[in-house]
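Everything on this sheet refers to the single structure shown next.
The values are calculated or read from the model by the stated rules, or taken from the named source; none is laboratory data. Quick caveat, the model's predicted, so the values are computed rather than measured. Virtual Cβ from ideal backbone geometry, glycine too; neighbours counted across all protein chains shown. Heavy atoms of the whole protein, side chains included, go into the accessibility calculation; ligands, DNA and RNA do not. Shrake-Rupley method; radii C 1.70, N 1.55, O 1.52, S 1.80 Å.
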Amino acid sequence: MGRPVKAETIVLWLCVALVAIAGLAPIAAIAVESFRHNGHFSLNYYRELISGARFWPLLGNSIRLALATTAVCGLIGVPEGILFAKSDLPLRSGFMWLLTVPFVLPPYFVALGWARVFTHIRQSASDCLFGFGGCVLVLSSVFLPITMLLTFASSSNVDRRLEEAARLVSGWPGVLRRVTLPLSAPGIAFSLVLVFLLAMGELSVPSFLRYPVLPVLSFTQFTASYNFGAATAAAVPLAVIAFVGVLVESAFLRDRDYTFRSTGQTLFISLQHWRSPLAAVVAALCFALVILPLAALFADAFSLAAMHEAMQRAGASVLRSVMYSAVAATILMALGFLLGQVMLSRLREQRVMNFLTLALFAIPGTVLSIGLVRLWNTPGNMVHLRDTSFVDSRVHRTILRRDNEVSAGGTDADSHIAG
């Protein structure tokens, strides 16, 4: 008789299968689709993509936006995280929670708030928001909590015994430079890579602020031209960048993984006479990045007439959003709990699953959505869904004829990519 299969092994492979079906299969679908043309293997979509006049400028804009956003988040978020974790700054918990608010809101929502701010200041001033600078401002305020929180967690977990030993021969600047920051480097590097990948794949904010980026090309080919092949070819570079970024981050953390057993509370820096000035600086940052745009938006939205009209038009949508979010959160919580428990003693599987789940998190939503549509919206599936209330008849007809609508007779996608 063979060896009995442990229950934890069955749970592990069921979770792996669920992750593969939900995330890896759609990515594989768009990769295969991008190499098919008229039912045969072809590099035609990639030739058109690379030789097109829009691809390289859009790729350059995306990389430039991601680098600028990452730099701003690093320059502000890392000092903030260390300040909140290692100092006796007053109200630091409140400041940290307040700065986290933009991250839990849709980026488009934050961009709309900044648009209202610039409109209230001056009508001509709103032109300054639209473009590269406005995208960096909005995305930096949205993704800043990632760098801040991961730096806070990394520096808080540094064993205070090491810092106390370093304090015997050096002041706090030397301790931070030679002990705290090097030991916190894996978490800081992880946060910066994550910010870069999320900013690279962002679509809503650049679209709203009229800054052309690479995700717009894939989205336009999909929605305007119904050209799945060209859309998947434009989405593949984004998926590759996400996988490469996660691979680099995983390789960096593999050799710099530290585990400490805390001996007590974190060793704090006494700010003394710097407490009030630094608190004022952080308060001003909270006001500028969080309170100002949200207050401008809520000032226009919180009126009885506007709220009544919004509930009449979008009440059902709000209910569906809450329901879908609750179901998705429950599934993710259960899946994360099971994977975490099963992989406690499985180091090799833990690294593989960490890589796959992080890669799926970093892949742009436009890429994953195109993959899901291409994988599951087949004529066989649509026959089953045709009579349900979830599929609009117009969408049904469009999907069924998608294989007959090729780029030769479609709309030129480049004409739809406006500033």
| said: Given the condition open to solvent by 50 Å² or more (accessible area, probe 1.4 Å), assigned to a helix (DSSP H, G or I) and either touching a residue at least 60 places away in the same chain (Cβ under 8 Å) or under 14 Å from residue 235 (Cα atoms) (or both), answer yes or no: does some residue in region 73-81 qualify? | reply: yes
| request: Of all residues in region 271-295, count the ones that are of a type outside the set (A, V, I, L, M, F, W, C) and in contact with a strand residue (DSSP E or B) (Cβ under 8 Å, 6 or more places away or on another chain). | output: 0
| query | Can you tell me which residues in region 271-280 are surrounded by 12 or more Cβ atoms within 10 Å (Cβ to Cβ) and either not in a helix (DSSP H, G or I) or not small (Gly, Ala, Ser) (or both)? | reply | 271, 274, 275, 278
| message | Looking at (1) aromatic (Phe, Trp, Tyr); (2) closer than 28 Å to residue 105 by Cα; (3) buried (at least 20 other Cβ atoms within 10 Å of the Cβ), which one does residue 228 not meet, given that it meets all the others? | response | (2)
| remark: Cβ pairs under 6 Å, 6+ apart or interchain, first in region 175-196 and free of Cβ contacts under 8 Å to residues at least 24 places away in the same chain, second part of a helix (DSSP H, G or I) and open to solvent by less than 40 Å² (accessible area, probe 1.4 Å), ordered by first then second residue, are 175/163; 175/166; 179/163; 179/166
| said: Within region 92-111, does at least one residue satisfy the condition of being charged (D, E, K, R), touching an Asp or Glu at 6+ places or on another chain (Cβ under 9 Å) and in a helix (DSSP H, G or I)? | reply: no
| message | residue 87 - would you say it is closer than 30 Å to residue 274 by Cβ, out of contact with any helix residue (DSSP H, G or I) (no Cβ under 7 Å at 6 or more places or on another chain) and open to solvent by less than 60 Å² (accessible area, probe 1.4 Å)? | response | yes
| query | Could you say whether any residue in region 90-104 is of a type outside the set (S, T, N, Q), surrounded by fewer than 16 Cβ atoms within 10 Å (Cβ to Cβ) and more than 30 Å from residue 160 (Cβ to Cβ)? | reply | yes
